[in-house]
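Here is the structure we will look at, set down as structure tokens.
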Amino acid sequence: MTHVELLDETIRDGQQSLWGMRIQAGMILPIADALDRTGFRVIDCTGSQYFEVLTKYVREDPWAGLDLIRAALRTTPLRAGMRCNAAVSFGITPDALMQTWMRRLNEHGMRSFWIYDTLFDIGRFASLARIAKEYGSEVAGTVFYTESPVHTDDYLAGKAREIAAVPEIDTVLLYDTGGVLSLDRLRTLVPRIVEAAGDKPVELHANNIMATSGLMYVEGVKHGIRILHTASRPLANGVSVPSTESVVRNIELMGWTHDIDKSLLPPVAEHFRGVAETAGFPHDPVSEYDLFNATHQVPGGMAGTLRNQLEQHGMAHRLDEVLAETGRVREELGWPIMATPLSQLVGTQAVLNIVTGQRYGMIPDEIIAYAAGHYGQPPAPIDPDVLDRIRVQPRAEHIFSHPPEQPTLDELHQRYGTHGDDDELILRALLPESDIRAMRAAGPVRRDFPLASPEVAEITALMRSARTAYVRVATEAYALELRR
């Protein structure tokens, strides 16, 4: 009898893809007990970008919020994402800080990690996995799926074999961030990945951008995958992963078994739908099959970022043009996998190419660092003409000749004046001090979130209708100031 385990992505990839990582601890805590008792193998919980957004935009202490969530989710292991060579920023994080980041997440109760590097530095996988094992934590090593002339079945299966050979890695995660894995390709690739993983289970995470991920999950289990990533229906589908509700139903229709208590799925969904409606967040998106997505392979959450960048220039109507340009830039930069941080670098370059009207007339330092090999070896050679344009940039010579520094932990504490406080060091090393001060000034983490009130409804309506750059409203009940 085939048994399938589910990993919950509601409060990590679901809200990252649909809510821009704006979820707060108080939005999770009221339903945490039900989520904890649902029967998930693991609940994916946090990552470095989430820390950045909480501090910069939500003004919530990410460490304090994480502690509250861990205390409320008492039984199910919590997972954190770990990019091998960078924590919060899109630049390169010193190894000493990455190792400290792993230790601190474990100290705060994380017991499962998915480790990844878009350029497959397996040595860094192993280094971080060894630290996780000091705490008895589970580690998943990630093979990103993408379509390119480089990322063949042989290439991806070879990476899976290298990852599975690391003794401290427990599972191999096949991650289709662009949702472009087709049925035909799955039938050739997944058996190779499963074979390469040996006795280590294979997980599948497929964002439902093309409306086919539910089918990929069923077919994946047929070919040996035993762990599927899902989310509660309000935060599922669209650019998120398939819903737990639909996947459980399909598992049962196939005659397979699972550990999910279906009676707890409706209250969890009702809660997060209420949060979305109150906060003005999208929910219950519909996925449609659109072949255009396969041309650029931009992750779902990043499409919103590109749209925001264009809106700043009054060019939101050119999003499709930017997405097409993103596919072209990706090819010219050697077919990097479209996942953080390289997807953001490729997308930003595409925006600059469109906004300025001159391809590669303006090139960010991060693209130069990528060409210099600071992120690792590109999958294929960079287009010679594009490389020439990169090399003549004003800062190119300096960046090429100065690889990222590697200070010790003591040197980092001395630099930031954090006196051995590792949690504080991580925040200060990776975020502007002004954002940290503003976050602390906002007060303690809220433990609840108002799901309904006349004031909230009035404010939400105003936020949706306001079109000017500045709005201020004052009543006896509240004072509201909006700045665009």
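The values are calculated or read from the model by the stated rules, or taken from the named source; none is laboratory data. Values in this document were obtained by computation on a predicted structure and should not be read as measured data. Here the Cβ positions follow ideal geometry from the backbone for every residue, glycine too, while neighbour counts run over all protein chains shown. Remember, those area values only see protein heavy atoms, side chains included, never the ligands or the DNA or RNA. Shrake-Rupley method; radii C 1.70, N 1.55, O 1.52, S 1.80 Å.
Rundown of residues vs (1) out of contact with any Cys (no Cβ under 7 Å at 6 or more places or on another chain); (2) in contact (Cβ under 8 Å) with a residue 40 or more places away in the chain; (3) open to solvent by 40 Å² or more (accessible area, probe 1.4 Å); (4) within 26 Å of residue 133 (Cα to Cα), yes/no style:
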residue: 163; (1), (2), (3), (4): yes, yes, no, yes
residue: 170; (1), (2), (3), (4): yes, no, yes, yes
residue: 174; (1), (2), (3), (4): yes, yes, no, yes
residue: 180; (1), (2), (3), (4): yes, yes, no, no
residue: 264; (1), (2), (3), (4): yes, yes, no, no
Inset, instruction - Please work out which one of (1) without any contact (Cβ under 8 Å) to a residue 40 or more places away in the chain; (2) buried (at least 18 other Cβ atoms within 10 Å of the Cβ) is the condition residue 238 fails and give its number. - result: (1)
Inset, instruction - Among the residues of the range 109-128, write down those that are touching a strand residue (DSSP E or B) at 6+ places or on another chain (Cβ under 6 Å) and more than 19 Å from residue 196 (Cα to Cα). - result: 110, 112, 113, 128
Inset, instruction - Give the residues of the range 128-150 that are part of a helix (DSSP H, G or I) and touching a residue at least 40 places away in the same chain (Cβ under 8 Å), sorted by residue number. - result: 128, 129
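Given the structure, is residue 217 closer than 22 Å to residue 378 by Cα, of a type outside the set (D, E, K, R) and modelled with pLDDT of 95 or more? I'd like the intermediate steps shown before the answer.
Numbers: closer than 22 Å to residue 378 by Cα: no; of a type outside the set (D, E, K, R): yes; modelled with pLDDT of 95 or more: yes.
In short, no.
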Legend entry - Hits in the range 43-70 - residues which are of a type in the set (A, V, I, L, M, F, W, C) and more than 20 Å from residue 437 (Cα to Cα): 43, 45, 68, 69
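State all residues of the range 241-258 that are in contact with a Ser or Thr (Cβ under 9 Å, 6 or more places away or on another chain) and open to solvent by 10 Å² or more (accessible area, probe 1.4 Å); if no residue qualifies, say none. Give the derivation first.
From the range 241-258, those in contact with a Ser or Thr (Cβ under 9 Å, 6 or more places away or on another chain) are 241-248, 251, 254-257; that's our starting set.
Matches in the range 241-258: 245, 246, 254, 255, 256, 257.
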Inset, instruction - Look at the range 347-391 and say how many of its residues are open to solvent by 20 Å² or more (accessible area, probe 1.4 Å), over 16 Å from residue 91 (Cα atoms) and hydroxyl-bearing (Ser, Thr, Tyr). - result: 1
Legend entry - Of all residues in the range 138-157 being out of contact with any helix residue (DSSP H, G or I) (no Cβ under 6 Å at 6 or more places or on another chain) and open to solvent by less than 20 Å² (accessible area, probe 1.4 Å), the one that is nearest to residue 380 (Cα to Cα): 151
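Would you confirm, using the coordinates I've provided, whether residue 105 is open to solvent by less than 10 Å² (accessible area, probe 1.4 Å), closer than 23 Å to residue 243 by Cα, at pLDDT 95 or above and not basic (Lys, Arg)?
Numbers: open to solvent by less than 10 Å² (accessible area, probe 1.4 Å): yes; closer than 23 Å to residue 243 by Cα: no; at pLDDT 95 or above: yes; not basic (Lys, Arg): yes.
So residue 105 fails the test.
Just one of 146, 171, 152, 188 is at pLDDT 95 or above, of a type in the set (S, T, N, Q), out of contact with any Pro (no Cβ under 8 Å at 6 or more places or on another chain) and within 22 Å of residue 217 (Cβ to Cβ); which is it? Walk me through how you get there before you give the answer.
Numbers: 146 fails: at pLDDT 95 or above; 171 fails: out of contact with any Pro (no Cβ under 8 Å at 6 or more places or on another chain); 152 fails: within 22 Å of residue 217 (Cβ to Cβ).
Criteria check complete, one pass: 188.
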Inset, instruction - Report, by residue number, each residue of the range 271-283 that is closer than 16 Å to residue 17 by Cβ and open to solvent by less than 50 Å² (accessible area, probe 1.4 Å). - result: 272, 275, 276, 279, 281
Inset, instruction - Could you list all residues from the range 244-281 that are among the hydroxyl-bearing types (Ser, Thr, Tyr) and not in a helix (DSSP H, G or I)? - result: 257
Inset, instruction - Identify, by number, the condition in (1) hydroxyl-bearing (Ser, Thr, Tyr); (2) open to solvent by less than 50 Å² (accessible area, probe 1.4 Å); (3) within 28 Å of residue 39 (Cβ to Cβ) that residue 75 doesn't meet. - result: (2)
Inset, instruction - Could you list, in sequence order, all residues of the range 412-446 that are free of Cβ contacts under 8 Å to residues at least 12 places away in the same chain and surrounded by 13 or more Cβ atoms within 10 Å (Cβ to Cβ)? - result: 418, 421, 424
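Just to be sure, is residue 455 modelled with pLDDT of 85 or more and either more than 30 Å from residue 376 (Cα to Cα) or open to solvent by 50 Å² or more (accessible area, probe 1.4 Å) (or both)? Before you say what the answer is, go through the steps one by one.
Working: modelled with pLDDT of 85 or more: no; either more than 30 Å from residue 376 (Cα to Cα) or open to solvent by 50 Å² or more (accessible area, probe 1.4 Å) (or both): yes.
Against the criterion (modelled with pLDDT of 85 or more and either more than 30 Å from residue 376 (Cα to Cα) or open to solvent by 50 Å² or more (accessible area, probe 1.4 Å) (or both)), residue 455 does not qualify.
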